[in-house]
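Student: The structure is given below, and queries will be raised subsequently.
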Amino acid sequence: QLVVSGGGSAQPGGSLRLSCAASGLTLASYPIGWFRQAPGKEREGISCIGINDFTRYADSVKGRFTISRDNAQNTVALQINSLNPEDTAVYYCAVRTTVQAACIMTGWFYDFWGQGTQVTVSS
């Protein structure tokens, strides 16, 4: 089970830190992806991290978002900086539980999904 936390409201230019926590699963052993879905839009893959900690970012978030693992806490975080209104969306994490070193930012690649957390950016 994946649990996503850390969403909320922020002003443009602000920051939030999202966390993806797992129970019954060691996240360090699997690729993890972060996705978001804004109202009326398709789900967008925004970042992922492989088991070798290689990371990928969508162009829309590169330089502002940082994905990282905390293996001691069995979590994967998404640090979101320089928020803008276009970042408003429900954010999800997902895990691929079959053996795969790398990651991609495509939904079908992942087996289990967290419940999502709302991020709202407005002034």
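Student: To the nearest Å, what is the center-to-center distance of region 67-123 and region 1-31, using C-alpha atoms only?
Tutor: Result: 6 Å between the Cα centres.
Student: Ile46's amide H: which non-local residues (gap 5+, or another chain) put their own amide H closer than 5 Å, with H modeled 1.01 Å from N in plane and none for Pro or chain starts?
Tutor: Correct list: Trp34, Phe35, Arg36.
Student: Express the accessible area of region 22-123 per residue in Å², computed with a 1.4 Å probe while the remaining protein chains stay in the model. Display every interim value, and only then the final one.
Tutor: Values: 5050 Å² over 102 residues.
That works out to 49 Å² for each residue.
Student: To the nearest 20 debye, what charge dipole does the chain have about its Cα centre, counting +1 at the Cβ of each Lys and Arg and -1 at the Cβ of each Asp and Glu?
Tutor: On the way: 9 positive and 8 negative charges, 10 e Å.
The calculated dipole for the chain is roughly 40 debye.
Student: To continue, here is another question. Kindly sort Val3, Val90, Val95 by accessible area of their heavy atoms, largest first, with the probe set to 1.4 Å. Don't jump to the answer; show the numbers that get you there.
Tutor: Numbers: Val3 70, Val90 35, Val95 0 Å².
Per-residue accessible area, sorted high to low, gives Val3, Val90, Val95.
Student: At a probe size of 1.4 Å, how large is the accessible area of Val99, to the nearest 10 Å²?
Tutor: Surface accessible to solvent at Val99 totals approximately 140 Å².
Student: Could you give each residue of region 102-113 its phi-based ³J(HN,Hα) in whole Hz, using Karplus coefficients 6.51, -1.76, 1.60 with θ = phi - 60°, and x for Gly or Pro?
Tutor: Those phi angles translate into 8, 9, 9, 9, 10, x, 5, 5, 10, 9, 10, 10 Hz.
Student: Hey, another quick one. Which order do Arg43, Arg64 take by accessible area at a 1.4 Å probe, largest first?
Tutor: Arg43, Arg64
Student: So, one more: Are there any chymotrypsin sites (Phe, Trp or Tyr not before Pro) in region 31-76 that are in a DSSP loop and have at most 12 other Cβ atoms within 10 Å? List them by number. List each step's numbers first, then the result.
Tutor: On the way: sites: Trp34, Phe35, Phe54, Tyr57, Phe65; in loops: Phe54.
In loop regions of region 31-76 (DSSP not H, G, I, E or B), the sparsely surrounded chymotrypsin sites (Phe, Trp or Tyr not before Pro) are Phe54.
Student: Could you work out the equivalent-ellipsoid semi-axes for the chain, taking the square root of 5 times each eigenvalue of the Cα gyration tensor, largest first, in whole Å? Mind dumping the intermediate values first?
Tutor: Values: eigenvalues 102, 39, 35 Å².
In descending order the semi-axes read 23, 14, 13 Å.
The values are calculated or read from the model by the stated rules, or taken from the named source; none is laboratory data. Source: prediction; values computed, not measured. Note that we place each Cβ from the backbone using ideal geometry, even for glycine, and neighbour counts take in every protein chain shown. These area figures cover heavy atoms from the full protein model, side chains too; ligands, DNA and RNA do not enter into them. Shrake-Rupley method; radii C 1.70, N 1.55, O 1.52, S 1.80 Å.
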